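Okay, so here's the structure we're looking at.
The values are calculated or read from the model by the stated rules, or taken from the named source; none is laboratory data. Because the structure is predicted, anything quoted here is derived from the model rather than measured. Please note: Cβ atoms are built from the backbone with ideal geometry, for glycine as well, and neighbour counts cover all protein chains shown. When the accessible area is computed, the model is the full protein with side chains, heavy atoms only, and any ligands, DNA or RNA have been set aside. Shrake-Rupley method; radii C 1.70, N 1.55, O 1.52, S 1.80 Å.
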Amino acid sequence: METGEAAPDFSYLVDGRWRRLRELRSQGHVLLVVGAGDAQLRALEAQREGLLRLCVVPVAVLDQRSGRCRATSERLGLHFTVIADPTRVIAAQFNALDERTRLAAPAWFVVDQRGTVRALAHASWPETSWREVAIGSLGLTPGGATVNTSYHGR
């Protein structure tokens, strides 16, 4: 997966109902975090409100069964979508599997509302805040308005 490519429109099960990535994109841009541990999940929760003000929906994909994902969310007090991916199908679609262990590896993706991957990283977390990552990759102003960074003159 590379910047500029279409993100896979994966499906996932939540509360007994199948949903798709496009449903999340209908709410705003999506910050998709794969293979996060407790520290990264807490950081994402701490920045959740700032992301939502930018119309960026934070989502975590964990290689856990749904019951364990729910328990992790409750234990950490998470208020964003956490998707169970015990068979690592979603992680594989985003090339976010450790080559040796085949477990979900740390990775993150910024997907715009059209479904295009605007930024990503594998095997590392950003050195800046998630909010700064979203602003930079989506061309947003700190207030949340989109900035047109291209000119198509006629």
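Listing for the model above:
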read-out	value
Residue check, Leu32 surrounded by 12 or more Cβ atoms within 10 Å (Cβ to Cβ) and closer than 16 Å to His79 by Cβ	no
Which numbered condition Val61 misses (of (1) assigned to a loop (DSSP other than H, G, I, E, B); (2) in contact with a strand residue (DSSP E or B) (Cβ under 6 Å, 6 or more places away or on another chain); (3) touching a residue at least 40 places away in the same chain (Cβ under 8 Å))	(1)
Filtered residues of the range 11-25 (kept if touching a residue at least 40 places away in the same chain (Cβ under 8 Å), outside any strand (DSSP E or B) and open to solvent by 20 Å² or more (accessible area, probe 1.4 Å))	Arg22, Arg25
Subset of the range 91-100 (residues that are open to solvent by 30 Å² or more (accessible area, probe 1.4 Å) and either under 19 Å from Asp38 (Cβ atoms) or part of a strand (DSSP E or B) (or both))	Leu97, Asp98
Whichever residue in the range 94-111 is touching a helix residue (DSSP H, G or I) at 6+ places or on another chain (Cβ under 6 Å) and within 20 Å of Leu44 (Cβ to Cβ) and, among such residues, is modelled with the lowest pLDDT	Ala104
Among residues of the range 60-90, those that are surrounded by fewer than 21 Cβ atoms within 10 Å (Cβ to Cβ), under 16 Å from Ala39 (Cα atoms) and out of contact with any Pro (no Cβ under 7 Å at 6 or more places or on another chain), counted	9
Pair list, Cβ under 8 Å, 6 or more apart: the range 122-144 residue farther than 19 Å from Val59 by Cβ, other residue among the polar types (S, T, N, Q) and modelled with pLDDT of 95 or more	none
The lone exception for Leu120 - which of (1) in a helix (DSSP H, G or I); (2) under 23 Å from Arg25 (Cα atoms); (3) not small (Gly, Ala, Ser) it fails	(1)
Qualifying residue in the range 36-59 (condition: polar (S, T, N, Q) and in contact with a helix residue (DSSP H, G or I) (Cβ under 6 Å, 6 or more places away or on another chain))	yes
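Residues checked against (1) on the phi < 0 side of the Ramachandran plot; (2) at pLDDT 95 or above; (3) assigned to a strand (DSSP E or B):
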{"position": "Gly67", "(1), (2), (3)": "yes, no, no"}
{"position": "Arg70", "(1), (2), (3)": "yes, no, no"}
{"position": "Ser73", "(1), (2), (3)": "yes, yes, no"}
{"position": "Leu78", "(1), (2), (3)": "yes, yes, no"}
{"position": "Gln113", "(1), (2), (3)": "yes, yes, no"}
{"position": "Trp125", "(1), (2), (3)": "yes, no, no"}
{"position": "Gly144", "(1), (2), (3)": "no, no, no"}
